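Student: Shown below is the structure under consideration.
Every number here is computed from the coordinates shown, using simple stated rules; none is lab data. If you're wondering where the values come from, they're calculated on a predicted model, not measured in any experiment. Cβ coordinates were reconstructed from backbone atoms using ideal geometry, including for glycine residues, and neighbour counts include every protein chain displayed.
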Amino acid sequence: MNNQSTSLRGWKLFGLIAALVVAMSATAIAIQPDLVEGLRSAVRATARSSFVLFLCAFTASAFAVLVPSPLSKALVRERRFIGLAFAFSHLVHAVLIYAYGQLNTEFWPARTVVNNIPGTTGYVLILLMALTSFKGPARLLGPKAWKTLHVTGMWIIAAVFAFSNFKRIPMSAWYVLPFGLICGAVAIRLVGKLAVANKRSQADVTAPSGQHRLMDRTYGQCRDRH
Ligand code: HEM
């Protein structure tokens, strides 16, 4: 890792990503002559920034196992802040949706309760995961429930992204790209899990205690967090 990437970590990394999300949203609004259309393109832009951040957090541990490198290790190390930046980007998505709904009065009446179920479920999980990424709420929840929430939450949010992109394919073939990316990310995550299980069973046969300690150090963060 070079010096620049080592210093870009933790809250500094979060702050930079958050500032970029705000700047991107402001630009998306400013470059459209019509404010309503500007808000709509900013809604889309924040969905995309959230998607990129989610993909990084979702695949980080699998990449660290499958292709260990300074970058994949940094992704695992910074996953909490990438996850929080994802939550921030989706908070901006929500604020923009609210503003868009205020100006385009046909927006909410045109949506059914069923339309809003995946997105609302996604938001509830994002909120719970963001809150429990802090020590106090995490301790209140306990490690077992924490793990269930975060693992299940990641998979449900992945499903919401897959569905949100899939349903737009009839509108534009370009949505095949993000849909393919989320399917690829699911495959990478599953292969990563298989690789960990495989290495662990090999370690059981060869050098149980020492290898386990080494593997725990290498994969511990991945296993504990998601
Ligand atoms: C009730 C909550 C939500 C509402 C009302 C909502 C609303 C919207 C709207 C209005 C758009 C722009 C549509 C367009 O211009 O064609 C959009 C785009 C999108 N949203 Fe949300 N959203 C919600 C929650 C979520 C969640 C939780 C996720 C993912 C976890 C998500 C992912 C997306 C995606 C992937 C797009 C497409 C972006 C693109 O065009 O590339 N949304 N959403």
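Student: Suppose every K and R has +1 on its Cβ and every D and E has -1 on its Cβ; what is the size of the dipole of the chain about the Cα centre, in Debye to the nearest 20?
Tutor: Details: 24 positive and 7 negative charges, 170 e Å.
Dipole size: approximately 820 debye.
Student: Could you work out [θ]222 nm for the chain from helices alone, using -39500 (n - 2.57) per DSSP H run of at least four and dividing by all its residues? Round to the nearest 500 deg cm²/dmol. Can you show the working numbers first?
Tutor: Details: 10 runs with 189 residues, N = 226.
The per-residue figure over the chain is -28500 deg cm²/dmol.
Student: Next question, about the same structure. Between residue 128 and residue 112, what is 0.36 nm times their sequence separation minus the Cα-Cα distance? Round to one decimal in nm.
Tutor: Details: separation 16, 0.36 × 16 = 5.76 nm, distance 2.45 nm.
Residue separation times 0.36 nm, minus the Cα-Cα distance, leaves 3.3 nm.
Student: What's the Cα-based Rg to Rh of the chain, Rh via Kirkwood? Mind dumping the intermediate values first?
Tutor: Working: Rg = 19.4 Å, Rh = 19.2 Å.
The Rg/Rh ratio comes out at 1.01.
Student: Tally Lys and Arg at +1 and Asp and Glu at -1 over the other residues with C-beta under 13 Å from the C-beta of residue 175: what net charge comes out?
Tutor: On the way: positive: 44, 48, 167, 168; negative: none.
Taking every other residue near residue 175 into account, the sum is +4.
Student: Also: Using 0.36 nm per residue of separation minus the Cα-Cα distance, give me the extension gain between residue 144 and residue 172 in nm, one decimal. Let's see the in-between values first.
Tutor: Values: separation 28, 0.36 × 28 = 10.08 nm, distance 4.18 nm.
Residue separation times 0.36 nm, minus the Cα-Cα distance, leaves 5.9 nm.
Student: Listed here are the pairs 12/167; 144/199; 73/144; 167/199; which of them are more than 31 Å apart at the Cα? Don't skip to the answer; put the middle values down first.
Tutor: Details: 12/167 36 Å; 144/199 24 Å; 73/144 25 Å; 167/199 38 Å.
Result: 12/167; 167/199 exceed 31 Å.
Student: Given the peptides 101-114, 176-189, arrange them by the average over their residues of other C-beta atoms within 10 Å, most packed first. Walk me through the numbers before you get to the answer.
Tutor: Values: 101-114: 10.7, 176-189: 16.0.
Final packing ranking: 176-189, 101-114.
Student: Here is a follow-up. Modelling each spin label as a point 7 Å along the Cα-to-Cβ direction, I'd like the residue 95/residue 120 distance in nm, to one decimal.
Tutor: Those two pseudo-labels are separated by 2.4 nm.
Student: While we're here: Suppose each label sits 7 Å from its Cα in the direction of the beta carbon; what would the residue 201-residue 19 distance come out to in nanometres?
Tutor: Simple spin-label model gives 4.9 nm for this pair.
Student: Another question, then. Just order 21-27, 42-48, 7-13 by mean Cβ neighbour count inside 10 Å, highest at the front, would you? Please list the in-between numbers first.
Tutor: Working: 21-27: 16.1, 42-48: 19.1, 7-13: 13.0.
The peptides rank, most packed first, as 42-48, 21-27, 7-13.
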